[in-house]
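Asker: First, the structure itself, so that you have it in front of you.
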Amino acid sequence: MKKRKKSIFSHKWQAFCLTVIACTLTLWVSPVSSQESETEIAATTTEEPEIPVDELKLLLKPLTQQELEVEAKAWQNLLKAKVQEISDAEIAIKRKNRETRKSEEAVDAIEKAQKSLEEAEAGKKSASPSSPEAEEAEKNLEVAQKELAKAQEAVEEAVEVKKQSEGTEEATQNLEVVAEAIQDEVSNTDNIDSQQELAEKEEQLEALSQQLEDSSEEASEVKTQLVVGVTELQQEQTALADRFDTVLDEFESKGGKAESFRQYIESVSGVEIDVSDTEGLWLRIAGWLKSEEGGLRWGQNIGIFSAIVVTSVIVAAILGFLTNRSLRIVGGVSDPLRQLLVRTVWQTTVGVGVLLALTALEINLGPILALVGGTSFILAFALQTNIGNLASGLMIMIYNPFNVGDEVELSGTWGYIDSITLANTKVKGWTGQIVTIPNNLVLNSVVVNHSARDTRRVSLQIRVGYSENLSKVEQLLLDVFKSHPLVLDQPGPSTFAWKFEEYFVDLYVGGWTKTSDYWRVYNETLHQIQERFVQAGIEIPIPQQDIRFQESTSLSLKPQKNSNSVVQLSSNGEQSDAKS
């Protein structure tokens, strides 16, 4: 019984262990299988590679980031296969170019050999045995043999290039036959004895030259077909790259990282052109101009770009006109600020239009805007003083302490405002000089604006002697101002006795006039006052000084008593003596 119980217990224990192991394996295998099922997502948008871009966008919209990554890899594989086709075709074109070049070299060598044979034939006609002419003919035969050897070498190289191409066995066999024939000509050139044999060799060389030219033309035709095919393949590559970009845009919008994909597109998008192959170059250009993904596409893009730029300029002009007119109607805005706002509206509109137009040329604005932002930060840090001037200029335009054409006293300069910009203010002095003052200095200095109001007071300081009747003088001054047609009646002219000085009395007289007439009134009233003073006998006092000289009748240095006299000089220069 005990043994039986032990066996039953051992069987149960074994069953339990097997169950645990089975469950563990199940738990391990199920996540792996689920991961494999998750990774096995098939691409759906590549089933129709020529799908319109707008339809492709709609297909991509509901896809998740993981699904979009699968789509991106699938489109990358399509692009890779197309690039491989183009590379194979470009290799074939290069080989055809080498083949054509070698054939042309062989033809040139045969023509030179033929020319040497002709010269040898001419020499043999007129030469007698062992004569110098016969020796010259032999030399021409040697030259012909060397040229034939060069032709044979060129044909053999052309044969090797032919063999590297696919589907050209028949043409290769033709070139091999030509090479063997040239070899025979080279070996038989030494055995030429008669003029008839020379003529036969010339005919044979001409036939070989014709065969090489035919082979070269055939290679050129094949190359032309390859170039046309490459142009079409490049159009297809451009279309695939456009759709690949559309997939990457959607992939990035949902959090994916597409830098490696975009680098691949950029690396394979370049086109290398052999400038030395002029025939192929013109074929490529003509094909590109006629293709929908090439010249026609860029022609349309350039047309859209030009239309957007022209439209933006027109819209900017209209907005600038409306802004200018609105600010004039509203009022309270200085002319510099109004001009700045109009110019800003115009430039901003045109700038936005140009950026939109660049998108028509398939230019990504992201890097451009990032570059502008980074450059702006660097410039703002490096040009702090200039930016301070710009801010001060903006404050001047907003608060409007003066305007262009105003007469001001500014930072020690008296003159008229010539111009106001964001960076500086220019003042035109009385002698015509232009003084440029930074706006930082302008904003922090005292500004006296003599043209701030429509009217301005003309005030003159007049000096009269103590002996003059002040009431009479004041009335005369008032008459001068009241009689001037540009002096305003309200408020009327007035005088004011200011103070006594050493030898004169200060009087002030003034009247109001329009600001624009100030200097004319100032000048004319000053002239009239001087004329009226002369008529009335009123003198303007000038400084006087008495000078006394002491004279001695003796030559002695010691002064003599009661022998001094004083000489007084009056203001009119007369001399008078006074005994001391």
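Asker: Ranked by Cβ crowding within 10 angstrom, fewest neighbours first, how are D245, D489, D418 ordered? Spell out each step's value before the answer.
Answerer: Numbers: D245 18, D489 9, D418 15.
Going from least to most buried by this count: D489, D418, D245.
Asker: I've got another one for you. Given R₀ = 30 Å, what would the calculated FRET efficiency be for Q347 paired with E252, taking r from the Cβ atoms and rounding to 0.05?
Answerer: On the way: r = 32 Å, r/R0 = 1.06.
The computed FRET efficiency comes out at 0.40.
Asker: So which chymotrypsin sites (Phe, Trp or Tyr not before Pro) in the stretch 413-512 end up in coil per DSSP with only 13 or fewer other C-beta atoms within 10 Å? Each step should come with its number before you reach the end.
Answerer: Values: sites: W414, Y416, W430, Y466, F481, F496, W498, F500, Y503, F504, Y508, W512; in loops: W430, Y466, Y503, F504.
For chymotrypsin sites (Phe, Trp or Tyr not before Pro) across the stretch 413-512 that sit outside H, G, I, E and B with at most 13 neighbouring Cβ atoms in 10 Å, the list reads W430, Y466, Y503.
Asker: May I have the convex hull volume per residue, in Å³, for the Cα set of the stretch 317-435? If you can, show how the numbers build up before the last one.
Answerer: On the way: hull volume 16.6 nm³, N = 119.
So the per-residue hull volume is 140 Å³.
Asker: Test of the criteria: in the stretch 226-270, which chymotrypsin sites (Phe, Trp or Tyr not before Pro) are in a DSSP loop and have at most 15 other Cβ atoms within 10 angstrom of their Cβ? List each step's numbers first, then the result.
Answerer: On the way: sites: F244, F251, F261, Y264; in loops: none.
Hits after loop and neighbour filter: nothing returned.
Asker: Using a 10 Å cut-off around each Cβ, can you sort K499, K472, K426 from fewest to most neighbouring Cβ atoms?
Answerer: On the way: K499 7, K472 12, K426 16.
Placing the least packed residue first, the sequence is K499, K472, K426.
Asker: Estimate the FRET efficiency between D418 and D454 by the formula 1/(1 + (r/R0)^6), using the beta-carbon distance for r and 22 Å for R0, to the nearest 0.05. Before the final figure, lay out each step's value.
Answerer: Values: r = 22 Å, r/R0 = 0.99.
With a Förster radius of 22 Å, E is 0.50.
Asker: Moving on to the next point. Arrange the following residues from fewest to most other Cβ atoms within 10 Å of their Cβ: S312, S411.
Answerer: If I rank by nearby Cβ atoms, fewest first, I get S411, S312.
Bear in mind that the values in this text are calculations on the coordinates, not laboratory data. Predicted model, so just to flag it, every value in this text is computed and none were measured. Every residue, glycine among them, receives a Cβ derived from its backbone with ideal geometry; neighbour counts consider all protein chains shown.
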